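What follows is calculated from the coordinates using simple rules that are stated; it is not laboratory data. Computed from a prediction, not measured in an experiment: that's the story for all the values here. Ideal geometry is used to build each Cβ from the backbone, glycine not excepted, and the neighbour counts take in all protein chains shown.
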Amino acid sequence: MPSQSKFEGIDFSQLPVEPLTPELLSLGQGFRCVRGEFVTYWKQGRIQRESDANVCNCWILRVDDALVGYITLLADKLQVENPLLAAEGVKYQTFPAIKIGLLAVDRRAKGAGKYLVEWAIDYVAAALVPMVGVRFVTVDALYDRDTDPAYDASGFYTKLGFEFVDPNESLPPETPYRTMYYDLKPVIEL
Ligand SMILES: CC(C)(COP(=O)(O)OP(=O)(O)OC[C@H]1O[C@@H](n2cnc3c(N)ncnc32)[C@H](O)[C@@H]1OP(=O)(O)O)[C@@H](O)C(=O)NCCC(=O)NCCS
């Protein structure tokens, strides 16, 4: 099968996002990602170990036995210089958040990444916000200065409405990522 056609014509938004269970770990044999380390994280059990240790929870998207992508979520604390909620009478500079830990999709599954992030935002707003204080979704968007050009995932998150914690950060960043956040309030109010 030509590699481009593996997921051709599939509307990912019609697929259920499923919690990772032991039976689903055997998926992923043919998983290909633009960043090979994300294949390794899956195949060498990092995600399973972290899920088992309750350090994250993982959800997946699949077409039959083919892994389309995965996303992990974990508790986080957003720390900012600017008291983001001052207009609401809340002057903190740290806020409860849920972090997107690892996100990867098969490189032949364009559009699946956006769907998984939008699903995560809706899930946090619908399932977690009623249970516990959480206002933001955060992510450390991967930035790899050692590729040419540099690999920068932040553009993907910017398109989805995420903002930089430090918009004036000089590039390349000191860390191999740029921290970003998404305000859940508009989604919650919907
Ligand atoms: C980042 C990743 C999840 C994006 O998934 P995807 O399915 O390819 O992305 P989508 O097709 O849903 O992209 C949505 C939009 O973002 C854009 N986009 C995707 N990656 C981008 C990037 N690195 N920079 C800028 N824009 C990007 C797409 O062109 C698309 O734009 P459009 O709506 O104008 O057409 C995927 O490329 C991936 O698995 N990368 C390797 C692992 C990784 O970097 N994970 C994130 C770590 S924080």
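In table form, for the structure just shown:
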{"quantity": "For the chain, size of Cβ-based charge dipole, Lys and Arg +1, Asp and Glu -1, in debye", "calculated": "220"}
{"quantity": "Size of the chain as Cα extents on the principal axes (Å, biggest first)", "calculated": "56, 41, 33"}
{"quantity": "Mean ellipticity per residue at 222 nm, deg cm²/dmol - from DSSP H runs of n ≥ 4 across the chain, formula -39500 (n - 2.57)", "calculated": "-5000 deg cm²/dmol"}
{"quantity": "Relative contact order, percent, region 70-190 [alpha-carbon distance under 8 Å, six or more residues apart]", "calculated": "24"}
{"quantity": "Ascending count of other beta-carbon atoms within 10 Å, so fewest first, for I10, I100", "calculated": "I10, I100"}
{"quantity": "C-alpha long axis of helix 112-123 to longest principal axis of the chain, angle in °", "calculated": "50"}
{"quantity": "Most positive-pole-ward Cα, V134, L78, N57, against dipole of the chain from beta carbon charges", "calculated": "N57"}
{"quantity": "Burial order of peptide ranges 177-189, 13-25, 72-84 (average beta-carbon count within 10 Å, highest first)", "calculated": "177-189, 72-84, 13-25"}
{"quantity": "Considering only region 15-189, percent of DSSP beta bridges that pair antiparallel, nearest 5", "calculated": "90"}
{"quantity": "Within region 78-135, trypsin sites (Lys or Arg not before Pro) in DSSP loop having at most 13 other beta-carbon neighbours inside 10 Å", "calculated": "K91, K110"}
